[in-house]
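Notes follow once the structure below has been shown.
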Amino acid sequence: MRLIDACEAKAVIKDLRKTIDREIPGATLGTVMGLISCYIDAQPTIDAEPVRHGEWQKTPSTSDEYELKYECPFCKFEIILEGYGDEGIFNYCPRCGAKMDGGTEKR
Ligand SMILES: [Zn+2]
């Protein structure tokens, strides 16, 4: 698999249509498809990491009964909430970027 920027590829293909209309107006479908394939092949590969999905793991507090302690299941980053309940918790991990949307992926 090779990742490319779909928006950039679409813009290039849109420009290609103008070029074909101007330069080779009688182009066959096969010619057009071949050109599109070449333009997609010429797009630079982009770096991307897969998005992880999980949920904060509630861990026992050792110091305060009103303290809520949560841990990221991927990087073990801890968040401690005092007196705010669950509402102050992030919907992503600020350290590793995992989305805390209830996904089931675990490490
Ligand atoms: Zn994390």
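The values are calculated or read from the model by the stated rules, or taken from the named source; none is laboratory data. Values in this document were obtained by computation on a predicted structure and should not be read as measured data. Heads up, the Cβs are rebuilt from the backbone with ideal geometry, glycines too, and the neighbour counts pull from every protein chain shown.
Residues are listed down the side, and each one gets a yes or a no for (1) at pLDDT below 90; (2) surrounded by 14 or more Cβ atoms within 10 Å (Cβ to Cβ); (3) more than 11 Å from the ligand (Cβ to nearest atom):
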residue: 18; (1), (2), (3): yes, no, yes
residue: 22; (1), (2), (3): no, no, yes
residue: 29; (1), (2), (3): no, no, yes
residue: 37; (1), (2), (3): no, no, yes
residue: 54; (1), (2), (3): no, yes, no
residue: 82; (1), (2), (3): yes, no, yes
residue: 86; (1), (2), (3): yes, no, yes
residue: 94; (1), (2), (3): no, no, no
residue: 100; (1), (2), (3): no, yes, no
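Among the residues of the stretch 1-20, write down those that are among the basic types (Lys, Arg) and more than 10 Å from residue 43 (Cβ to Cβ).
Once the filter is applied, which keeps residues that are among the basic types (Lys, Arg) and more than 10 Å from residue 43 (Cβ to Cβ), the stretch 1-20 yields 10, 14, 17, 18.
Which of the residues belonging to the stretch 16-42 are hydroxyl-bearing (Ser, Thr, Tyr) and touching a residue at least 12 places away in the same chain (Cβ under 8 Å)?
Our first condition is that a residue be hydroxyl-bearing (Ser, Thr, Tyr); within the stretch 16-42, this holds for 19, 28, 31, 37, 39.
Once the filter is applied, which keeps residues that are hydroxyl-bearing (Ser, Thr, Tyr) and touching a residue at least 12 places away in the same chain (Cβ under 8 Å), the stretch 16-42 yields only 39.
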